[in-house]
Structures are given as structure tokens and as C-alpha cells.
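Single-structure report; data block below.
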Amino acid sequence: MILIVLGLVPKMGALVESIPTMVLGGAGLVMFGMVAATGIRILAGVNFTANRNNLFVVAVSLGMGMIPLVAPNFKQWMPHGLHPLIESGILLASISAVLLNLFFNGASGTQDEAKSAASLADH
């Protein structure tokens with residue numbers, strides 16, 4: 001909410017616009033690197049040997065996320081209404097990971113287990 005209000009203030013817009021592109025690029029590089037490192041840390045805690053479905057979910061999801069990079073014209077056979085949704089590999093990977101995980105591993109578990117998993121993701 002604060003960022004929305006600040007976005008409506010012209011002086012704040014001028015301040016953000018005055019930041020050099022190289023500085024924004026460096027900040028973006030660090031931010032996306034941190035996201036990738038956090039994802040790797042979370043995947044390091046997954047037991048791939050006890051449940052082989054976990055490996056399948058990760059492998060297919062990474063493959064789905066690579067489709068827009070490997071085959072940028074893949075969406076030409078899709079309805080035009082879906083194009084904004086399938087342009088991003090992040091969205092494709094996320095949707096496939098959630099759906100495959102629900103299909104193979106189900107949604108079993110207690111709220112306490114969900115809270116402990118969420119707290120592990122925070123650290």
C-alpha cells in the first residue's frame with residue numbers, strides 16, 4: 001500500500017527514474033540470484049530417494065520452465081488469450097510443479113506440518 005501511494009507522488013517517480021540503468025541491473029541480478037539460491041536451498045531439503053515422485057515433479061517443472069527459452073514460437077498453436085500467461089517460464093514451471101505435486105503427493109498433512117515447512121522456507 002505504501003509503494004502504491006509513493007508511486008502516485010511525482011517527486012518519488014522522478015527519484016526512481018534518476019537511478020542509472022546499470023544500478024537497477026545490478027540490483028536485479030542480486031535479487032534474482034537470491035531467489036535462485038533460496039530455491040536451491042529448499043530443493044536441497046527434499047528427499048528424492050524416499051519419494052521418487054519428487055524427482056519427477058522437479059524435472060518436469062524445470063523442463064516446462066525452459067520451454068519459452070528453447071522454443072519461443074511454441075505458443076503459436078495456443079489460443080491468443082493464453083499468450084500472456086504462457087510467455088513466462090516461471091509461471092509454467094510453477095503451475096506444473098503445483099499440479100504435479102498435488103497429483104503425485106496429494107494434499108495430505110496437518111496445519112502444523114504446513115507451518116513448519118513454511119518456516120523452513122523463510123530461513
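Only one of the listed residues (Gly63, Gly39) is closer than 20 Å to Asn105 by Cα and either of a type in the set (A, V, I, L, M, F, W, C) or not assigned by TED's automatic domain parsing to the domain that holds Ile95 (or both). That residue is Gly39. Applying the criterion of being more than 19 Å from the chain's Cα centre (by Cα) and β-branched (Val, Ile, Thr) to the residues of region 16-30, the residue that is surrounded by the fewest Cβ atoms within 10 Å (Cβ to Cβ) is Thr21.
Go through region 54-71 and give me each residue that's part of a helix (DSSP H, G or I) and more than 19 Å from Gly39 (Cβ to Cβ). Correct list: Val70 only. On the stretch given as region 12-53, residues that are in contact (Cβ under 8 Å) with a residue 12 or more places away in the chain and not in a helix (DSSP H, G or I) total 3. Can Pro10 be described as of a type outside the set (Gly, Ala, Ser), outside the structural domain of Ile90 (by TED's automatic domain parsing), farther than 26 Å from Glu87 by Cβ and modelled with pLDDT under 90? For Pro10, the condition - of a type outside the set (Gly, Ala, Ser), outside the structural domain of Ile90 (by TED's automatic domain parsing), farther than 26 Å from Glu87 by Cβ and modelled with pLDDT under 90 - is met. Among the residues of region 72-92, is any in contact (Cβ under 8 Å) with a residue 12 or more places away in the chain and either within 24 Å of Ser116 (Cβ to Cβ) or assigned to a loop (DSSP other than H, G, I, E, B) (or both)? Yes: one or more hits. Within region 90-123, the set of residues being modelled with pLDDT of 85 or more and over 13 Å from Val60 (Cβ atoms) comprises Ile90, Leu91, Leu102.
With respect to the stated conditions, Ala36 fails to be over 15 Å from the mean Cα position of the chain (by Cα) and either at pLDDT 85 or above or under 23 Å from Ala118 (Cα atoms) (or both).
The values are calculated or read from the model by the stated rules, or taken from the named source; none is laboratory data. In this text, all values refer to a predicted model and were calculated from it rather than measured experimentally. Positions of Cβ are generated from backbone atoms using ideal geometry, with glycine treated the same way; all protein chains shown enter the neighbour counts.
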